[in-house]
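Throughout, read-outs are computed from the coordinates displayed, never taken from laboratory work. What you see is a predicted model, and the numbers here were worked out from it, not measured in a lab. Methodologically, a virtual Cβ is constructed for each residue, glycine included, from the backbone with ideal geometry; neighbour enumeration extends over all protein chains shown.
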Ligand SMILES: Cc1cc2nc3c(=O)[nH]c(=O)nc-3n(C[C@H](O)[C@H](O)[C@H](O)COP(=O)(O)OP(=O)(O)OC[C@H]3O[C@@H](n4cnc5c(N)ncnc54)[C@H](O)[C@@H]3O)c2cc1C
């Protein structure tokens with residue numbers, strides 16, 4: 001194996017998984033983690049793969065997209081899933097873990113692997129070519145490295161994200177919502193619109209002002225972009241501010257009455273097939289229970305809304321992956337560097353681990369001198385890859401982090417018995433498609449180029 005190594009920077013969910021997958025394939029890895037010498041404001045444990053907030057890896061039911069991703073990762077020999085299973089605590093159909101034992105298990109497996117050398121220091125500069133490196137430093141990437149990455153990616157690195165909620169199409173009341181683009185632009189009916197009369201609008205603004213907000217962490221001082229303000233911050237600036245901003249009704253007359261409502265909430269298609277819709281301009285710091293309560297109670301047409309994702313704003317370093325990364329997750333402007341984890345714009349522990357696995361397989365393909373073989377599109381891994389390349393999104397999509405959801409999968413054809421039948425079809429198709437990709441598992445002991 002010699003002393004030539006692939007460098008993995010960041011020993012979180014993605015970096016630990018990437019290091020493990022590379023080591024399993026016989027590649028020597030140097031895993032560089034800044035803890036315990038330096039910690040991000042959210043990290044407190046000494047070990048690798050720290051879960052910074054919830055101890056849940058979410059649903060373990062394969063009929064849920066993240067549960068299907070669990071299953072795929074297990075089939076691919078994932079370190080993160082293996083250690084999660086070994087340190088699991090009872091949590092219904094969720095996969096929750098004892099976070100300290102989980103981190104200890106991942107740390108023990110990697111530090112006990114002869115192919116992995118763990119180094120503790122903060123990386124402040126991008127590793128030079130020709131050695132290959134995987135950067136997996138997460139949403140709270142150290143400032144110096146983030147600045148270098150921003151330079152290398154032409155400034156396409158976000159530091160805060162403002163996420164608006166997303167609603168499942170079938171839960172929107174179409175007897176209230178009407179399809180129309182402002183002034184009939186585009187195809188004329190690209191958006192769904194929820195009309196509010198004056199009384200409904202004022203009741204909604206009052207609810208926003210009174211709703212419970214998530215307190216900011218000390219390191220998340222609210223530095224909002226003016227073009228991306230939380231709705232409650234806009235509401236604080238004046239009662240009619242929202243009606244002149246994201247809820248502006250001009251050009252959105254209700255075709256059923258011919259009249260212009262006092263305010264209009266617009267929903268924009270989140271995926272090509274229109275299974276999920278984004279509440280335009282609804283980035284918010286309301287707590288998740290408050291978002292569910294207020295949006296269902298005060299927005300006409302959303303009384304039974306099922307939220308695919310809820311809004312949030314927090315520090316989150318991520319690149320505009322469809323533009324910055326090649327399909328193999330290498331940086332277009334610096335192809336010896338691969339990105340993995342939340343820094344690519346996937347969201348969540350499991351998605352980040354999955355991205356680490358994908359990046360490791362891409363590195364192995366590069367080392368073996370063959371073209372990158374992306375995960376099959378209809379698998380949960382493939383759905384995440386479709387998000388990263390932009391294939392899952394309509395043209396002009398404003399790239400934002402996302403969890404894995406069925407809306408990212410290629411559309412299914414045929415008829416299904418309800419939502420459950422559709423999910424079953426997704427799962428069956430994904431299981432079938434993953435098998436050949438597992439069979440093309442990379443060979444062991446591939447040659448490694450000299451590090452720079
Ligand atoms: C406040 C907060 C709460 C969250 N809550 C949840 C939640 O409840 N559920 C969920 O699924 N996801 C949550 N997330 C997202 C979660 O953090 C990520 O999905 C996941 O941890 C990302 O994995 P990663 O490997 O990309 O990054 P991380 O797990 O953050 O790992 C990155 C690692 O890189 C190290 N590092 C950073 N910079 C450098 C450097 N320059 N040199 C060397 N090492 C470096 C860090 O110390 C860290 O160990 C939360 C994120 C934040 C910020």
Run the helix sum for the chain: -39,500 (n - 2.57) per DSSP H stretch of 4+ residues, divided by residue count, reported at 222 nm to the nearest 500 deg cm²/dmol.
-9500 deg cm²/dmol
Take every Cα pair under 8 Å in the range 314-452 that's 6+ residues apart, average their separations, divide by the length, and report that relative contact order as a whole percent.
24 percent
Full-stretch length increase - residue 63, residue 237 - with 0.36 nm per residue and alpha-carbon distance subtracted
58.3 nm
Sorted from fewest to most neighbouring beta carbons within 10 Å, what does the list 352, 54, 187 look like?
187, 54, 352
For a label point 7 Å from the Cα of residue 119 along Cα→C-beta, name the residues of the range 10-24 whose backbone N is under 13 Å from it.
10
Just to be sure I understand: of the beta bridges DSSP finds with both ends in the chain, what percent are antiparallel, rounded to 5?
65 percent
Segment residue 248-residue 108, extension gain: residue separation times 0.36 nm, minus the distance between their alpha carbons
44.8 nm
Virtual paramagnetic centre 7 Å along Cα→Cβ of residue 440, amide N under 16 Å, in the range 382-407:
382-383, 385-386
Computed over the chain: longest principal axis from alpha-carbon atoms vs helix 380-389 long axis, angle to nearest 10 degrees, is 80 degrees
Pseudo-spin-label distance residue 412 to residue 42, built 7 Å along Cα→Cβ, given in nm, is 3.2 nm
Taking the Cα-to-Cβ direction at residue 171 and at residue 433 and moving 7 Å from each Cα, how far apart do the two end points lie in nm?
2.5 nm
Using the basic label-point model (7 angstrom from Cα toward the beta carbon), what is the residue 389 to residue 75 distance in nanometres?
1.9 nm
Percent of all Cα-Cα pairs per 10 Å bin for the range 163-314, counting from 0 up to the last occupied bin, reads 11, 43, 36, 9, 1
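So if we plug the beta-carbon distance of residue 54 and residue 368 into 1/(1 + (r/R0)^6) with R0 = 22 Å, what FRET efficiency do we get, rounded to 0.05?
Using R0 = 22 Å, I get an efficiency of 0.05.
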By how many degrees, 0 to 90 and rounded to 10, does the Cα axis of helix 349-367 deviate from the longest principal axis of the chain?
50 degrees
Using only alpha carbon pairs under 8 Å that are at least six residues apart, calculate the relative contact order of the range 163-314 and give it in whole percent.
42 percent
